[in-house]
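S.K.: Let me begin by handing over the structure; questions about it come next.
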Amino acid sequence: MKRKKGFTIIETIISLVILGLIAFTITLINPLKKSYNQKNSHAVDFQLFLNNLESSKKRYVLNGKVVAYLVRMTSKDSGKDYRMFQYNSLIIISGANGGYAPILDEVKFASFKEVKKHLMIKVVFSNNETYEDVSSISYE
C-alpha cells in the first residue's frame with residue numbers, strides 16, 4: 001500500500017496554533033498603537049507653536065508685564081506690537097491695529113507667566129494632554 005502525501009493531524013494542529021498566536025498578537029498591538037498615538041497627538045503641534053513664536057524672522061520680545069492669560073510682545077524687526085491670548089479653543093496672536101492669526105487650536109486651557117525674564121507657556125489640549133516650556137522670548 002502506498003502512503004499518501006499530506007499533513008498529519010499533529011502538523012495541522014501546530015500550524016493552527018501558530019496562526020492563532022500571530023492573529024492574537026496582531027489584535028493586541030493595534031489598540032496599543034492607537035492609544036500611544038492619541039496620547040501624543042499634540043506634541044508636534046506644541047513644538048511647531050513654539051518654533052513659530054521663537055522664529056528668527058519675527059524676533060519677538062516681551063513688552064510689559066506677563067499676565068496669566070495675556071502676553072504683550074513686540075517684533076524687533078517690524079517694531080509692531082502684538083498680543084497673544086486664548087480665545088475659545090484657540091491661541092491667537094493679534095496686532096495692535098486689529099487682525100488676528102490663530103496659531104494653536106484644540107486648546108482647553110493656556111497660561112503664560114514670566115520665569116527668569118523669559119516667557120513660560122503651559123497648554124492643556126482638549127484631550128487633556130499638557131505641555132509646558134520656557135521659551136527664548138524675553139525682555140530686551
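S.K.: Which pairs have Cβ atoms under 6 Å, sit 6 or more apart or on different chains, and link a residue in region 67-88 that is farther than 15 Å from Val107 by Cα to one that is at pLDDT below 85 and of a type in the set (A, V, I, L, M)?
M.R.: Close Cβ pairs satisfying both conditions: Asp81/Ala96.
S.K.: So, in region 46-66, exactly how many residues are on the phi < 0 side of the Ramachandran plot and assigned to a loop (DSSP other than H, G, I, E, B)? Working first, answer last.
M.R.: Within region 46-66, the subset on the phi < 0 side of the Ramachandran plot is 46-58, 60-63, 65-66.
Filter again for assigned to a loop (DSSP other than H, G, I, E, B), leaving 54-58, 63, 65-66.
Of the residues in that region, 8 qualify.
S.K.: Taking region 86-140 as the search range and keeping residues that are within 13 Å of the chain's Cα centre (by Cα) and part of a loop (DSSP other than H, G, I, E, B), which one is farthest from Lys65 (Cα to Cα)?
M.R.: Asn127
The values are calculated or read from the model by the stated rules, or taken from the named source; none is laboratory data. Since we're looking at a predicted model, the values are computed, not measured. Because the Cβ atoms are built from the backbone with ideal geometry, glycine has one as well, and the counts that use them run over all protein chains shown.
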